[in-house]
Amino acid sequence: MAGVTGIGSGIDIDSIVSAMVAAEQAPKAAQLSRLETATTTKFSALGSLKSALSEFQTAVAALNDKSLFENRTATSSSTNSLTASASKNALPGTYSVQVNRLASGSKVATASIDSTFTSGALAETISVKLGASGTSTDISISAGSDLSSTRDQLNAALKDQGISANIVSDPSTGESRLVFTSTTTGAGNDVIVSGAGNLAELNINGTAPLSNTDTASAGYITRAVDAEFSIDGLILHSSSNSVSNAIPEVTLELVAKTSADAPLTVQVGEDTAGVTNNIKKFVDAYNKLIATSNQLTSVVSVGDDGQPLVGGLVGDSSVRNLLSSVRNQLVSPSGQEGIRVLADMGITTQKDGTLAIDSDKLKTAVEGNFDSVGSFFTGDVGLMARLDKSIDGFSKSGGVLEQRMDGLQSTLSNIDAQKETLNRRIEALQTRLYSQFNAMDTLVSQLNQTSDRLTQSLGSLPGFVKSDS
């Protein structure tokens, strides 16, 4: 509204200008609104299609990975006692395993030490090693160190050796023992401690047992021993509970002793579970692609406004070409023996275009014809490579879908520019109309004023009679 208008003429200029501006603006604004809605709908629809296609392509790539069919698994019938893993070169087989003893590290203790213990007046050295032939680690203990300080200095020096020291005290006598614990397992790895001077009190011969009655002696609490286990009745030993050379390319992790005469079973074979899972992911991604395209290209029942609900890509040739290309590859048989089409694995097409899996038939195919399943899906002429090639032109950067979305984005930008142009034109029109109508209003006001003055002048003349009509 351009100020107070229509005073001189009594005409509702605001209403007239608003009506004329609306009449000029409405057709073009409605056209741009329709075009913007249609363009935005199609842009969003193409985005949904591209997202579903990208997910499908990811599933295709995962199933086209040859290493998936090279993987081998090793499963244990009792993971509480043993777990297992296998490399891709492991040979299939079934093994009976009994765990008789776990490998353990050494725990040794000094003889009892009086609470007044201190190291010598000068710094003294204590040596710690694993086994008689082990390499010694020499630790310099500060002069006058009590047992707690000595422990702390030992721990600081031995932490990277997997050896720790702690103090166990007898409340009734006040005497203490320094206890060393090693994480290094296997026979011959007992902790041995030797020192000179006052530190000689801490000497431990890790190969001698600790005496419960002779507190003057020191020795082991727990010996470092090898694990003992059997595979198919053959007794074997390992310095570690992680056994990587008993069965070629298979690693056994010994967790706990098994019950007597109750061996567990280790099964080594192809990774059928991993392959089956990836096949199901592929089918799910394909079904999502079909469901998305069906939604975007369908015309469904009438909406609340009486208009049919139309998908954003109804009649779109890109969708038809994409799905046609994918379906042609799905039904195209391979040239190999064994698995030639998806139906050989229990994967069939339903009436709505989606795929369904017969789980029993898929299990039989994967477990009984593993190599053929692998060659059907993978390789340069495998189904996944052919599918990837057929959809790459649509999904890649600069492909069909991206080009179309770029074109639609350009259209939306152009619509915004046209809206701005229309707004400027309407503002100019409104300004011009107000100027014209206000000029007319001023002229009418002036004419009315002139008429009033003439009437007054004529009324003052002698003999003038004013008519009331």
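Modelled label positions at GLN267 and VAL444, each set 7 Å beyond Cα in the direction of Cβ, lie 9.8 nm from each other.
Here the spin labels are modelled as points 7 Å beyond Cα on the Cα-Cβ line, and at ALA356 and SER413 they lie 4.9 nm apart. Highest mean packing first, where packing is the average number of other Cβ atoms within 10 Å per residue, the peptides 75-88, 364-377, 314-327 line up as 364-377, 75-88, 314-327. Binning all Cα-Cα separations of segment 206-358 at 5 Å, short to long from zero, yields these whole-percent fractions: 2, 6, 9, 10, 8, 7, 7, 7, 7, 6, 5, 5, 4, 5, 4, 3, 2, 2, 1, 0, 0.
How much FRET efficiency would the formula 1/(1 + (r/R0)^6) give for THR41 and SER332, where r is the Cβ-Cβ distance and R0 is 35 Å, rounded to 0.05? Mind dumping the intermediate values first?
Working: r = 35 Å, r/R0 = 0.99.
Approximately 0.50, to the nearest 0.05.
In terms of its C-alpha gyration tensor, segment 330-376 comes out oblate, because a/c is 1.5 or above while a/b does not outweigh b/c.
With no solvent and one point on each alpha carbon, what is the Debye value of log10 I(q)/I(0) for the chain at q = 0.08, 0.09, 0.10 Å⁻¹? The computed values of log10 I(q)/I(0) come out as -0.80, -0.86, -0.92. If a spin label sat at a point 7 angstrom from the Cα of GLU249 along the line to its beta carbon, the backbone N atoms of segment 372-396 nearer than 19 Å would be those of 372-375. Applying 0.36 nm per residue to the separation of ARG101 and LYS66 and subtracting their alpha-carbon distance, the gain on full extension is 8.6 nm. The value of relative contact order for the chain, using C-alpha pairs under 8 Å at least six residues apart, is 22 percent.
Between ILE221 and HIS237, the modelled label-to-label distance comes to 2.5 nm, taking each label 7 Å out from Cα in the direction of the beta carbon. Note the angle between two axes, namely the Cα long axis of helix 13-63 and the longest principal axis of the Cα atoms of the chain, as a number of degrees from 0 to 90, rounded to the nearest 10. That works out to roughly 20 degrees. If r is the Cβ-Cβ distance from ALA208 to LYS396 and R0 is 56 Å, what FRET efficiency results, to the nearest 0.05? According to the calculation, E is roughly 0.15. Full extension of the chain between THR125 and THR137 gives 3.3 nm of extra length, using 0.36 nm per residue less the Cα-Cα distance.
In degrees between 0 and 90, to the nearest 10, how far off the longest principal axis of the chain does helix 383-395 point, with axes built from Cα atoms? That works out to roughly 40 degrees.
Once the convex hull of the C-alpha atoms of segment 174-280 is built, how many Å³ does it hold per residue, rounded to a whole number?
209 Å³
Between SER318 and ASP170, what is 0.36 nm times their sequence separation minus the Cα-Cα distance? Round to one decimal in nm.
44.8 nm is the gain from fully extending SER318 to ASP170.
Across the cross-link table entries LYS281/LYS363; LYS280/LYS361; LYS257/LYS363; LYS396/LYS419; LYS42/LYS419; LYS107/LYS129, which are compared at the Cα atoms, the separations over 24 Å belong to LYS257/LYS363; LYS396/LYS419.
When peptides 115-126, 216-227 are sorted by average Cβ neighbour count within 10 Å, with the highest value leading, the order is 216-227, 115-126. Backbone N atoms of segment 131-169 closer than 18 Å to the 7 Å Cα→Cβ label point of THR116 belong to residues 144-148. Could you tell me how many degrees, from 0 to 90 and to the nearest 10, lie between the Cα long axis of helix 147-158 and the main elongation axis, the longest principal axis, of the Cα atoms of the chain? Between helix and principal axis, roughly 70 degrees. Semi-axis lengths, largest first, of the ellipsoid equivalent to segment 105-222 are 20, 18, 12 Å, with √(5λ) applied to each eigenvalue of the Cα gyration tensor.
No value in this document is a laboratory result; all are computed from the given coordinates. Note that this is a predicted model, so its numbers are computed, not measured. Counting neighbours? That spans all protein chains shown, and the Cβs are built from the backbone with ideal geometry, glycine included.
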